[in-house]
Amino acid sequence: MANLPILQFEEKIVETVEKNSVVVIIGETGSGKSTQLSQILHRHGYTKSGVIAITQPRRVAAVSVARRVAQELDVPLGEDVGYAIRFEDRTTSKTRIKYLTDGVLLRESLSNPMLDDYSVIILDEAHERSLNTDILLGLVKRLVRIRASNFKVLITSATLDGEKVSEFFSGCPVLNVPGKLYPVEILYSKERPVSYIESSLKVAIDIHVREPEGDILIFMTGQDDIEKLVSRLEEKVRSLAEGSCMDAIIYPLHGSLPPEMQVRVFSPPPPNCRRFIVSTNIAETSLTVDGVVYVIDSGYVKQRQYNPSSGMFSLDVIQISKVQANQRAGRAGRTRPGKCYRLYPLAVYRDDFLDATIPEIQRTSLAGSVLYLKSLDLPDIDILKFDFLDAPSSESLEDALKQLYFIDAIDENGAITRIGRTMSDLPLEPSLSRTLIEANETGCLSQALTVVAMLSAETTLLPARSKPSEKKRKHDDDSNLPNGSGYGDHIQLLQIFESWDRTNYDPVWCKENGMQVRGMVFVKDVRRQLCQIMQKISKG
Ligand code: ADP
């Protein structure tokens, strides 16, 4: 920690923050922005007048970084240092440094529009350009104008165009924290492979057998492929003659892993041992794994897309952008010169990849965000003229208004309705909030709560593809997440939960039926929280 690049800039950072309300900090991934900035400001007294909030676009990053900072400060997690993610608040009135997802901060501003518990708001990982961070950029710009001068905003990013953000904030200073990146040799495949799993396997084993020590980071698109590759790697490594190469440890890394399995990648490996980390793009900029010297890049990422003509979301595997490809390659050069094996030809990188990732605001449904902005009730905010870093198209704003009108959240003049206000009390997508309100009227709230809670738990509870006994093949703890595509329909979700409910929440039932105990317990908790909100709404 002592040699993280950002710490050499401590004086400069504090001096600049002292003199300015808004500061942009650009630093290579792993330079220490997420873990150190909050501590630097804490050391210089910024937690005396309020809490330091640090937003993260991903839940896993909020939890993992809070954990790390608590460890560094040697305090229990959830007290001086805590985190808040949707449906899970680990903070107390004692908390001074609070990591939270950008979505949770947006919700907090509904009940406290001035966000005056916070002396500092750090919008971290702004390069991810999540929809919520983009909206927060507009909101904090307004807050800086109306809150007294002791309120500070920091915007950090690994790759973002600092000048553009600086212009957005009336020419605020941009600090660059140069990271020490070693050269990375880029090797391209001649053609795209037929199977990414097999091709990654071959390249990884070649590296393991031929190349000097150094960990291997492999970018796959999702949990399913990660698990397949992990199991293929385990087989292959076992079959290599003993003593012919160093030992190997293979770790999966994705957002649905239990936190204790996610943090395993942060502990240094035993000597003479090579680690294989098979990850989604959370290792691209969100989580930094030290010791990586070789990167294998499939060139793909899984992204939630929205189709305005059908009004439906889908999870699609799409090509990454050049910026992402270069971030991935950069992961190999943090400890010494490294190598990046791109499983695609140079021509594909050069001609097919977009230069930069399209910000979420330009590719998603804005219904939730528009409803949020309407429920803020701020006289000086006009949705169609909201101050965005990159404005969404007028079509997508109109599409959002149409959707909201369709579900009675706004009236024909675009004003928020009583139902719309009730919907904004629920931390859910508008369509799910509307479902609960309607279910409450028609007498099937209990069932609707279950389905919505099951949908909100996403991948942490997916039914196993295989029978539990077959699943045992890999690890013998239950942390080997079951994995399956193709949910049944909502009725099936309801039946699963109700069957578990009838066993009085028996963990053995989950195991026997290929469900994650942790995921099901989470669903039960989400259901309880949503039920409480609905009770309040019914009374109110
Ligand atoms: P940045 O935000 O600039 O990408 P971070 O502050 O996230 O940088 O990371 C700085 C260092 O802290 C990295 O070496 C990373 O491996 C380490 N680190 C981050 N989170 C954890 C954690 N939960 N446990 C252990 N080490 C961590």
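Rule-based calculations on the coordinates, nothing more; no lab input. Treat the numbers as computed from the prediction; the structure is a model and nothing was measured. Reconstructed Cβ throughout: ideal geometry from the backbone, glycine too, with neighbour counts over all protein chains shown.
Side notes on the structure shown:
- Normalising the average separation of contacting C-alpha pairs (under 8 angstrom, six or more residues apart) by the number of residues puts the relative contact order of the chain at 13 percent.
- Model label sites at Asp390 and Ile491, defined 7 Å from Cα along the beta-carbon direction, differ in position by 4.3 nm.
- Leading residue at positive end of dipole, the chain (Cβ point charges), from Ile25, Thr133, Phe168: Ile25
- Euclidean distance of C-alpha centroids, segment 281-347 and segment 408-444, integer Å: 37 Å
- Trypsin sites (Lys or Arg not before Pro) within segment 32-88, DSSP loop, no more than 11 other Cβ atoms inside 10 Å: Lys48
- Residue-averaged 222 nm ellipticity for the chain, from DSSP H runs of 4+ at -39500 (n - 2.57), nearest 500: -12500 deg cm²/dmol
- Using the Cβ of Ile410 as centre and a radius below 15 Å, the other residues enclosed give a net charge of -2, where K and R count +1 and D and E count -1.
- If R0 is 56 Å, the Cβ-Cβ spacing of Ile318 and Ala148 corresponds to a FRET efficiency of close to 0.80.
- The alpha carbon centroids of segment 193-263 and segment 21-49 are separated by 35 Å.
- Cβ-derived FRET efficiency at R0 22 Å, Arg192 paired with Asn326, nearest 0.05: 0.70
- Zone residues, segment 161-202, relative to Leu354, backbone N less than 19 Å from point 7 Å out along Cα-to-Cβ: 161-162, 164-165
- Residue-span extension gain [Lys202 to Glu235] - 0.36 nm each, minus C-alpha spacing: 10.6 nm
- Shape call, the chain: gyration tensor on alpha carbons, a/c limit 1.5: oblate
- With both residues required to sit in the chain, DSSP beta bridges show an antiparallel share near 20%.
- Extreme residue, positive dipole direction of segment 282-378, given options Cys340, Ala367, Val317 (C-beta unit charges): Cys340
- Taking GluC sites (Glu not before Pro) in DSSP loop states with no more than 15 other Cβ atoms inside 10 Å as exposed sites, the chain has its longest site-free stretch at 243-411.
- Here the Karplus curve 6.51 cos²θ - 1.76 cosθ + 1.60, taken at θ = phi - 60°, turns the phi angles of segment 327-340 into couplings of 4, 4, 4, x, 4, 7, x, 8, 9, 6, x, x, 9, 10 Hz, with x standing for Gly and Pro.
- In nm, spacing of pseudo-spin labels at Ala347 and Cys444 (7 Å Cα→C-beta vector): 5.5 nm
- Loop-located trypsin sites (Lys or Arg not before Pro) across segment 125-189 with a Cβ neighbour count of 13 or fewer within 10 Å are Lys180, with loop assigned by DSSP.
- Cβ-placed point charges (K, R +1; D, E -1), dipole of segment 183-227 about Cα centre in debye, nearest 20: 220 debye
- Ile250 long-range amide H proximity, modeled H, under 5 Å: Phe276
- DSSP bridge orientation in segment 5-177 - percent antiparallel, rounded to nearest 5: 10 percent
- Cross-link pairs exceeding 24 Å between alpha carbons, from the set Lys152/Lys322; Lys12/Lys322; Lys33/Lys164; Lys302/Lys402; Lys19/Lys385: Lys152/Lys322; Lys12/Lys322; Lys302/Lys402; Lys19/Lys385.
- For Thr417, nonlocal amide neighbours, meaning residues 5 or more places apart or on other chains whose placed amide H falls under 5 Å from its own, are Ile410, Asp411.
- Here the label points at Glu260 and Gln305, each 7 Å from Cα along the C-beta direction, are separated by 3.9 nm in the simple model.
- Residues of segment 418-451 with amide N under 16 Å of a point placed 7 Å along Cα→Cβ from Arg528: 450
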